[in-house]
Every structure is written in structure tokens, then in C-alpha cells.
1. Under 5 Å between amide H atoms, partner at least 5 residues away or on a different chain: which partners does F3 have, H built in plane at 1.01 Å?
2. Can you give the helix-only mean residue ellipticity at 222 nm for the chain, where every DSSP H stretch with n ≥ 4 adds -39500 (n - 2.57) and the sum goes over all residues, rounded to the nearest 500 deg cm²/dmol?
Amino acid sequence: MSFKVVHTYALTGVDHGEVLIKSLDATLIKGMWLKVDDIIRNTRDADAVIGVISRQPFNRRVLE
């Protein structure tokens, strides 16, 4: 069973642990989404979400 991990504030040139995530039979999807609707659309079917709560609108709509 493969897991989907979405990083919603993935800066370029930074090691986001792709090798580790791949070794866990997971896929890392990286993006830079700053709007609620974009975050929701891109994380809807994710098993895990990584983000920057101080810079992104992780509000009730996103979490539900």
C-alpha cells in the first residue's frame, strides 16, 4: 500500500526527505500553495500533509 504525502510549501533547492519517504513506500507531492482552495484541491486524497502553519491558511475548511 503506497502512501501519498503532500508538502504544500516546498521550497526549491531544499532536501524534503524524498529518499526517506520513497523507502517507506510513499510518494511525495511538492507544491507551493498559499490559498485555501489550492491547498484543499491538492491535498484532498493525501495520507499526510506537510505545511507551514505560520505562512499558510490552514483553517477549518482545509482541515475538514
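Quick note: the coordinates plus some simple rules give every number you see, no bench work behind them. Model, not experiment: these values are computed from the prediction.
1. A26, T27
2. Helix-only estimate at 222 nm: -6500 deg cm²/dmol.
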